Amino acid sequence: MAGTHDDIDVARVAALARLELTPEETTLFTKQLTDILRYAEAVQQIDTTGVPPTSHFGTGTPVWRHDDVQPSLDRDRVLTGAPGASPRAGLFKVPKVL
Amino acid sequence: MGAPETTARGLRHAIQQGTTTAEAACEAALARIAATNPDLHAFHLVDAERALNRARALDRATGPQGPLHGVPVALKDNITVAGMTTTAGSKMLADYVPPYDATVVEKLEAAGAVIIGKTICDEFSMGSSTENSAFGPSRNPWDPERAPGGSSGGSAVAVAADMTPLALGSDTGGSIRQPAAFCGVVGLKPTYGRVSRYGLIAYASSLDQIGPFAHTVADAALCLQAISGPDPHDSTAAAVEVPDYEAALTGDISGLRIGVPRTWLREGVDAEVTAAFERSLAALVAQGATLHDIDLPHSRVAIPVYYLVATAEASSNLARYDGVRYGLRIPDARTLGDMYDRTRDAGFGAEVKRRIMLGTYVLSAGYYDAYYVKAQQVRTLIRRDFDQAFATVDVVAMPTTPTAAFPLGALNADPIQMYLADIFTVSAPLAGLPAISVPCGLTRDRLPIGLQLTGKAWDEATLLRAADAFEQAIGDWRG
């Protein structure tokens, strides 16, 4: 049933989060995440009928700025921090995708 | 600690009077760091050359001096400075050199501050002790076997141990106020939107806010003044007028209405903390403030609400660490997917993985409404409780933490017990409100205790006025 944590599948969640866990981490996180979600049951017991969710608090007024072209970060400098990049070609590089 | 010559205002005054120079102040800070940092480990990185060059340039400059002219400032190591390694306490960013300055750095330097270096913090701000730092922990100057608090623990230690008069931290669930309380300094989390987060390494974007550590409320006000205001680089930095915070410190709190959520505070608060809190309330009443019982019923579940909301946001924010554009990359991956998985496994520590996993789970199909949306609804109720309270009071008073600083290692094995250290600090960020921790006493073991005041949104002025008057009233809390 949705909304219960009895079926937490840590391996599946790790795959979604792109984390490669060791068997020890999988065992530890299964217990700890189950404990934390059990602790969070107090939230689910609160009556929220008709209560709108809050994503964040602001002033309610959007902040605008002029849509002017501004200088961006220097490409060579940005690529300096990129692992395995090709600064001469101006490209990030990654292992083959397929 | 906290003598006039160690405060930002005292130092500014001395430089203005010509009794010292920015360079001498910088050298004094560096000498103090050299003497105390090996034991306390507040700083992960000190850039002495940059700081001294900057201080000498300030001494050479003619014309009007900024409000922080020559004042050394420490930065939590999740705030970017162009060319200065910024790790966020993570192996993922151990060698990351940002190509740009955070807006708060530009603002501090425009005000004349001298950036000294970067302080130890829990990895991606996830923790309450600095023990989750890949480079930590920092140690509490009051007892080096105890935690300084976290996640901005190094910044709290830097100020508490007189290494720098000011430091910046960031607060998501208490990460400024809790270490301020543990280390016996002032720590302020501004209203959500008061200070630009451009250049702050994101943890939970609906909660994160940068704020100051200082010896005095007046110094915190001075620093807040310098870093506040809208920013074209951050649309959440609101176009709200920034009042004159130093002018707000009138010392007069006669008639100030203080709300106290007494029924909640009866649960699980250390007796010495309760005693210090009651003495603090009496000191406020002696200055003319009045006390009013209020109720914040939904703040009782603020901790689980926080861990559902913050981890959901963290799982999204930390998706960017994929080994492609910056940060760590595992060198021998054969495929892109392999590189992602193994880079993230190698780069993230246990608490970060735990929170990414929790956040991924609560956002996943079938659980999103039951956990994430539900938590956001209760977040609305937490704010409504405060709105209702603020209809009849000006500020809300609570202890900052339920206990004084705990021993390093004491809570490591049990994440929930560690999370409970933030029980009184998570409500303010969930409700978007400003809150400040001010030292209010010591335990018998000589560990600091913090008084927390929470204010109305955008009303840091009242918060600072109340905190400053309290500070004057309580006098030497170290006694």
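The values are calculated or read from the model by the stated rules, or taken from the named source; none is laboratory data. All values derive from a computational prediction rather than experimental measurement. All Cβ positions, even for glycine, are placed from backbone atoms using ideal geometry, and neighbour counts span all protein chains on display. Keep in mind that these areas ignore ligands, DNA and RNA; they rest on the heavy atoms of the full protein, side chains included. Shrake-Rupley method; radii C 1.70, N 1.55, O 1.52, S 1.80 Å.
Extending 7 Å from the Cα toward the beta-carbon at both residue B:233 and residue A:15 defines two label points whose distance is 4.0 nm. Over the residues of chain B, the helix contribution to mean residue ellipticity at 222 nm works out to -11500 deg cm²/dmol, using -39500 (n - 2.57) for each DSSP H run of at least 4.
Listed values for the stretch B:331-344 are Karplus-derived 3J(HN,Hα) couplings in whole Hz (6.51 cos²θ - 1.76 cosθ + 1.60, θ = phi - 60°), namely x, 9, 5, 8, 10, 4, x, 4, 5, 3, 4, 6, 5, 6, and x replaces Gly and Pro.
Summarising the strand pairing of the protein assembly as shown, around 70 percent of its internal DSSP beta bridges are antiparallel.
Each other residue within a Cβ distance under 12 Å of residue B:326 adds +1 if Lys or Arg and -1 if Asp or Glu, for a net charge of +2. When only Cα pairs below 8 angstrom with a gap of at least 6 residues are kept, chain A shows a relative contact order of 14 percent.
Here the extension length gained between residue B:97 and residue B:34 equals 20.3 nm, from 0.36 nm per residue of separation less the Cα-Cα distance. Here the label points at residue B:16 and residue B:410, each 7 Å from Cα along the C-beta direction, are separated by 4.3 nm in the simple model.
Just flag the trypsin sites (Lys or Arg not before Pro) in the stretch B:287-395 sitting in loop per DSSP whose Cβ has no more than 11 other Cβ atoms within 10 Å.
B:334
Mind listing which chymotrypsin sites (Phe, Trp or Tyr not before Pro) in the stretch A:1-79 are in a DSSP loop and have 15 or fewer other Cβ atoms within 10 Å?
Passing both the DSSP loop test and the Cβ count: A:64.
Remark: spin-label model distance residue A:91-residue B:368 equals 3.5 nm, labels positioned 7 Å along the Cα→Cβ axis. Solvent-accessible area of residue B:152, all protein chains in place: 0 Å² (probe radius 1.4 Å, heavy atoms, ligands and nucleic acids excluded).
Given a 1.4 Å probe and the protein chains as shown, residue B:420 ends up with an accessible area of around 50 Å². For the protein assembly as shown, what number of Lys pairs, 8 or more residues apart or on separate chains, have alpha-carbon atoms under 15 Å from each other? Lysine pairs satisfying the spacing and distance rule in the protein assembly as shown number 5. Loop-located chymotrypsin sites (Phe, Trp or Tyr not before Pro) in the stretch B:322-381 (DSSP state not H, G, I, E or B) with no more than 13 neighbouring Cβ atoms inside 10 Å do not occur.
How would you classify the stretch B:303-376 from its alpha-carbon gyration tensor, with a ≥ b ≥ c the square roots of the eigenvalues: rounded for a/c under 1.5, else prolate if a/b is greater than b/c, otherwise oblate? Since a/c reaches 1.5 and a/b is larger than b/c, the shape of the stretch B:303-376 is classed as prolate. With protein chains left intact and a 1.4 Å probe, residues in the stretch B:28-71 average 52 Å² of accessible area per residue.
Once a ≥ b ≥ c are taken as the square roots of the eigenvalues of the Cα gyration tensor of the stretch B:155-268, is the result rounded (a/c under 1.5), prolate (a/b larger than b/c) or oblate (a/b not larger than b/c)? Taking the square roots of the gyration eigenvalues as a ≥ b ≥ c, the stretch B:155-268 is rounded.
Counting Cβ atoms of other protein chains within 10 Å of each Cβ in B:198-210 and taking the mean gives 1. Give the residues of the stretch B:435-473 whose amide nitrogen is closer than 19 Å to a point set 7 Å from the Cα of residue B:278 in the direction of its Cβ. Of the residues in the stretch B:435-473, B:440-445, B:449-452 have backbone N under 19 Å from the label point off residue B:278. Between residue B:254 and residue B:49, the C-beta separation translates, for a Förster distance of 56 Å, into a calculated FRET efficiency of about 0.65.
Inter-chain Cβ neighbour count for B:345-357, averaged per residue, equals 4 (cutoff 10 Å, partner chain atoms only). Can you tell me how the protein assembly as shown classifies by the Cα gyration tensor, rounded, prolate or oblate, using a/c under 1.5 as the rounded cut? Oblate, since a/c reaches 1.5 and b/c is not below a/b. In plain terms, the chain from residue B:478 to residue B:263 could stretch by 74.5 nm, reckoned as 0.36 nm per residue minus the Cα-Cα distance.
Of all beta bridges DSSP finds with both residues in chain B, what is the antiparallel percent, to the nearest 5?
Antiparallel bridges: around 70 percent, rounded to the nearest 5.
Which angle between 0 and 90 degrees, to the nearest 10, do you get for helix A:23-39 versus the longest principal axis of chain A when only C-alpha atoms count? Approximately 60 degrees, to the nearest 10.
Other protein chain C-beta atoms within 10 Å of residue C-beta, averaged over B:332-339: 3.
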